[in-house]
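Trainee: This structure is in structure tokens; I'll ask about it shortly.
The values are calculated or read from the model by the stated rules, or taken from the named source; none is laboratory data. Since the model is a prediction, treat every value here as computed from it, not as a measurement. Cβ sites come from the backbone with ideal geometry, for glycine too, and all protein chains shown count toward neighbours.
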Amino acid sequence: MERLPTMAALARRNVPVPNQMCVLCGDYAETCDHIFVSCHFAQSIWQNLAIWCRMPPIIAFGIKDLLTLHGPRSSSRESKAIHAVILVTFWSIWKVRNEVVFNQAVPNVVKSLDEIKSMAYLWVKSRSKMASLSWENWSRFNLGAM
């Protein structure tokens, strides 16, 4: 719904921004759909997560496509874990974006993937019925071995 303060949303709200371009790729206007879905940085994140979760490549045209992404999973446990990974990924991408805007950080896909996997592990382990989930199984996305 474009409520996040992206550069394009701020400009529409008459907030002076020096540039509406995406701070992660610099190629397109920074909208929610761009920063989370179509930005090269985000696409690299999503494709690497699909490989890790043993899913087909993720093809999304908007945020809603990602929120409804569960793929053909063998259990609701995997579907819930994937949904948690998706939510953590949104948060992580926005956090990276803010680091670039406010601290002139350089976006790093590998660092972001590591953070997403570890944060999602903590969320899933503490907020679901998977308290016995080990880091070894999580790092291989092997949720059936619990």
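Trainee: Being assigned to a loop (DSSP other than H, G, I, E, B), over 20 Å from residue 32 (Cα atoms) and small (Gly, Ala, Ser): is that true of residue 131 here? I'd like the intermediate steps shown before the answer.
Mentor: On the way: assigned to a loop (DSSP other than H, G, I, E, B): yes; over 20 Å from residue 32 (Cα atoms): yes; small (Gly, Ala, Ser): yes.
Considered against the rule, which asks whether it is assigned to a loop (DSSP other than H, G, I, E, B), over 20 Å from residue 32 (Cα atoms) and small (Gly, Ala, Ser), residue 131 comes out as yes.
Trainee: Exactly one of (1) within 13 Å of the chain's Cα centre (by Cα); (2) at pLDDT 95 or above; (3) surrounded by fewer than 18 Cβ atoms within 10 Å (Cβ to Cβ); (4) not aromatic (Phe, Trp, Tyr) is unmet by residue 96. Its number?
Mentor: It fails just one condition, (3).
Trainee: A follow-up question, please. For residue 111, indicate whether it is over 21 Å from residue 4 (Cα atoms), basic (Lys, Arg) and surrounded by fewer than 18 Cβ atoms within 10 Å (Cβ to Cβ).
Mentor: Considered against the rule, which asks whether it is over 21 Å from residue 4 (Cα atoms), basic (Lys, Arg) and surrounded by fewer than 18 Cβ atoms within 10 Å (Cβ to Cβ), residue 111 comes out as yes.
Trainee: Regarding residue 98, is this residue free of Cβ contacts under 8 Å to residues at least 24 places away in the same chain and not in a loop (DSSP other than H, G, I, E, B)? Even if it seems obvious, please write down each step before you answer.
Mentor: On the way: free of Cβ contacts under 8 Å to residues at least 24 places away in the same chain: yes; not in a loop (DSSP other than H, G, I, E, B): yes.
So residue 98 passes the test.
The rows are residues; the columns are (1) in contact with a His (Cβ under 7 Å, 6 or more places away or on another chain); (2) without any contact (Cβ under 8 Å) to a residue 60 or more places away in the chain; (3) part of a loop (DSSP other than H, G, I, E, B); (4) of a type in the set (Ser, Thr, Tyr).
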position	(1), (2), (3), (4)
18	no, yes, yes, no
25	yes, yes, yes, no
34	no, yes, no, no
37	no, yes, no, no
45	no, no, no, no
48	no, no, no, no
51	no, yes, no, no
57	no, yes, yes, no
61	no, yes, yes, no
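Trainee: Within the range 9-26, count every residue that is over 16 Å from residue 93 (Cβ atoms) and surrounded by 15 or more Cβ atoms within 10 Å (Cβ to Cβ).
Mentor: Result for the range 9-26: 5.
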